[in-house]
Amino acid sequence: MKYYSTNHKSENVSFKEAVLKSMAGDKGLYFPEKIPALPGSFFNALPGMSLSEIGFHFLKPYVTGALSDAELNAIMKDVFSFDIPLVEVEPDKYALELFHGPTLAFKDVGARTLARFLSKFSTTHKTTILVATSGDTGSAVARGFFDMPNIDVVVLYPKNKVSKLQEKQFTTLGKNITALEVNGNFDDCQRMVKAAFADEELKRRMHLSSANSINIARLLPQAIYYFYAYGQLKNREKPVVISVPTGNLGNLTAGLLAKKSGLPVERFVAAANRNNVFQEYLETGTFRPRASVSTLSNAMDVGNPSNLIRIQELYDLSFEAARKDISPYHFSDEETCRTIAAVYKRSQYILDPHGAVAYLGLSSYMKEKNVSGIFLETAHPAKFYQTVEQEIPVKVEIPQRLAESLGRPKQTVEIGCQPEDLKNFLLER
Ligand SMILES: *Cc1c(COP(=O)(O)O)cnc(C)c1O
């Protein structure tokens, strides 16, 4: 499989090159030339398949030439050391619990896969991974790459804009992980990373790569759990709708890839918080990126989602075509809180703020249509216990692996919010 740049200027590259470079020279994002359809036999076998088996079959055509079957198989087994259960919360409403990995967030799936691909591909030199995080990416990536030979990780995060728990997860590791506390917002962090990749001097002096969802190797594995969710559904008679809590649109893009590969999902719901640029795009055809605003579902506070361009590619730049597959909604923090309270009261299920937004999107859609609905629970409620415990009458249990990082001291470097601040840091280190 070859990968092209969404800006259509740079030449097409192999999987290995796309993963190592992360972003094309023309600043476009890499995208596969083809999206192969999976055979009927795959879908028939789906209910009995494990995550790693699904991962092997789905990823195989995308990594051909870069990894052998045995290598891919071993990586998939290693990545999926945890389950992703589908839990019925209310009649016809299922939570896909993506938070059972090491950092309790769905980003573990992409980050763990990317880390293993990258370390396979960078055997002769040191690679510096830059990652901008609005909360959960930093921890998933830092943990995924922790102590890996030939890999340095630099995490950029907006000062005072991630939860204490999230911060502890990526600022306390040390070793090959450095955390930069940026005096700005998430979009500044993302802009700084993008500028570093485009910088000729940095490109000459070091091997930079990205672990944000601009890297195709983080995005592709996220399609795997959509198949797995479908395989776990008991009732497949009704049309299936999946609600995705969206920020940078990586998770939604992966779902759309699964659909394009044949997954019989009728429609996706794109559920956002007040940062609703994607909804505006689908409704008007105009994309107006802007500064993000802070909300309780902070991992979705994105005003300029990187992966929009990939969704546009999937639909030949037609927002009308995209709208046939995607229903957008957005919700306020008040609605999010009320939903956490109401769902707990009705069914004793504890939503985190991101899952609550996804639940809200699904419920809004299901008021009009009789479908079987899945919403993605992207983070463990313990990561946002301050918010969650205000809405429910019980304490959220803090899992052991989260409690451990809370006890360790934070180690960060504070920097400004301009591309030069990051460049200077990288060159002077
Ligand atoms: C990153 C994140 C999201 C948003 O996912 P995107 O792929 O950026 O759209 C939603 N929920 C949680 C908990 C996240 O960490």
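Before moving on, here are some points about what is shown:
- Scanning segment 277-303 for residues that are assigned to a loop (DSSP other than H, G, I, E, B) and aliphatic (A, V, I, L, M) turns up Ala291, Val293, Leu296, Val302.
- So Leu351, is it part of a loop (DSSP other than H, G, I, E, B), crowded, with 24+ Cβ neighbours inside 10 Å and not aromatic (Phe, Trp, Tyr): yes
- Yes/no for Leu208 being away from the ligand (no atom under 13 Å from the Cβ), surrounded by fewer than 24 Cβ atoms within 10 Å (Cβ to Cβ) and within 19 Å of Ser122 (Cα to Cα): yes
- For segment 276-293, the criterion of a residue being within 24 Å of Glu97 (Cβ to Cβ) and open to solvent by 30 Å² or more (accessible area, probe 1.4 Å) is satisfied by no position.
- Criterion: within 16 Å of the ligand (Cβ to nearest atom), charged (D, E, K, R) and part of a helix (DSSP H, G or I) - qualifying residue of Arg116, Arg112: Arg112
- Total residues in segment 266-275, condition crowded, with 21+ Cβ neighbours inside 10 Å and either more than 15 Å from the ligand (Cβ to nearest atom) or in a loop (DSSP other than H, G, I, E, B) (or both): 2
- Cβ-Cβ contacts under 8 Å between residues 6 or more apart (or on different chains), taken from a first residue in segment 221-243 that is open to solvent by 50 Å² or more (accessible area, probe 1.4 Å) to a second residue that is assigned to a helix (DSSP H, G or I), are listed as Gln232/Pro47; Arg236/Tyr230.
- Of all the criteria given as (1) farther than 30 Å from Lys238 by Cα; (2) open to solvent by less than 20 Å² (accessible area, probe 1.4 Å); (3) at pLDDT 90 or above, the one not satisfied by Leu96 is (1).
- Flag for Val394 being away from the ligand (no atom under 15 Å from the Cβ) and in contact with a Lys or Arg (Cβ under 7 Å, 6 or more places away or on another chain): no
- Val388 vs. criteria open to solvent by 50 Å² or more (accessible area, probe 1.4 Å) and either among the hydrophobic types (A, V, I, L, M, F, W, C) or in contact with a Pro (Cβ under 8 Å, 6 or more places away or on another chain) (or both): no
- In segment 391-417, residue surrounded by the fewest Cβ atoms within 10 Å (Cβ to Cβ) [restricted to those that are assigned to a loop (DSSP other than H, G, I, E, B) and of a type in the set (A, V, I, L, M, F, W, C)]: Val394
- Filtering segment 140-166 to residues that are in contact with a strand residue (DSSP E or B) (Cβ under 7 Å, 6 or more places away or on another chain), of a type outside the set (Phe, Trp, Tyr), at negative phi and outside any strand (DSSP E or B) leaves Ala140, Val141, Ala142, Lys159.
- The numbered conditions (1) part of a loop (DSSP other than H, G, I, E, B); (2) farther than 21 Å from Phe384 by Cα; (3) under 21 Å from the mean Cα position of the chain (by Cα) are all true for Leu180 except (1).
- Residue in segment 365-382 that is of a type in the set (S, T, N, Q), within 12 Å of the ligand (Cβ to nearest atom) and open to solvent by less than 20 Å² (accessible area, probe 1.4 Å) present: yes
- Every test in (1) under 19 Å from Ser134 (Cβ atoms); (2) in contact with a Gly (Cβ under 8 Å, 6 or more places away or on another chain) is passed by Phe319 save one, and that test is (1).
- Top-ranked residue in segment 37-78 [being among the hydroxyl-bearing types (Ser, Thr, Tyr) and either under 16 Å from Leu220 (Cβ atoms) or surrounded by fewer than 14 Cβ atoms within 10 Å (Cβ to Cβ) (or both); ranked as modelled with the lowest pLDDT]: Thr64
- Residue within segment 162-170 that is touching an Asp or Glu at 6+ places or on another chain (Cβ under 8 Å), aromatic (Phe, Trp, Tyr) and open to solvent by less than 10 Å² (accessible area, probe 1.4 Å) present: no
The values are calculated or read from the model by the stated rules, or taken from the named source; none is laboratory data. Since this is a predicted model, take the numbers as computed values, not measurements. All Cβ positions, even for glycine, are placed from backbone atoms using ideal geometry, and neighbour counts span all protein chains on display. Remember, those area values only see protein heavy atoms, side chains included, never the ligands or the DNA or RNA. Shrake-Rupley method; radii C 1.70, N 1.55, O 1.52, S 1.80 Å.
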